[in-house]
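**Student:** Starting off with a structure, shown below.
The values are calculated or read from the model by the stated rules, or taken from the named source; none is laboratory data. Just so it is clear, the model here is predicted, and its values are computed rather than measured. Cβ placement follows ideal geometry from the backbone for every residue including glycine, while neighbour counts extend to all protein chains displayed.
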Amino acid sequence: MSPHPALQPDEGTVPPQPADQQGQRQLAESDSGLARVTEDLIDILILRGLIQFTDFPPAAQAKLLSRRQTRATLSRRLRLLDEHGDTL
């Protein structure tokens with residue numbers, strides 16, 4: 001006797017396999033690294049005068065500023081910890 005149809009997986013959906021999950025995790029990790037590379041590239045292009053910050057749409061400007069502020073705050077906190085001889 002076969003199980004009730006409601007208990008059968010849909011033919012169109014396949015649960016993610018461990019290899020798929022690993023691949024998704026690797027992509028997510030590389031996305032964050034690539035975001036940092038992109039930010040650094042933007043900074044270099046601005047410093048060299050090839051683009052201006054105002055060339056970006058307001059939403060992109062806001063995201064870039066937010067990340068810069070967050071990075072600066074984190075950097076200050078890490079320096080304070082280092083100055084006090086604390087370990088992470």
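**Student:** Would you confirm, using the coordinates I've provided, whether Leu80 is without any contact (Cβ under 8 Å) to a residue 12 or more places away in the chain and under 20 Å from the mean Cα position of the chain (by Cα)?
**Tutor:** Here the answer is no, as Leu80 does not meet what is asked.
**Student:** Being among the aliphatic types (A, V, I, L, M), loosely packed, with under 11 Cβ neighbours inside 10 Å and at pLDDT below 85 narrows it down to one of Leu50, Leu7, so name that one.
**Tutor:** Leu7
**Student:** Then there is this: Please find, within region 38-53, the residue that is nearest to the chain's Cα centre (by Cα) out of those that are assigned to a loop (DSSP other than H, G, I, E, B) and aliphatic (A, V, I, L, M).
**Tutor:** Ile51
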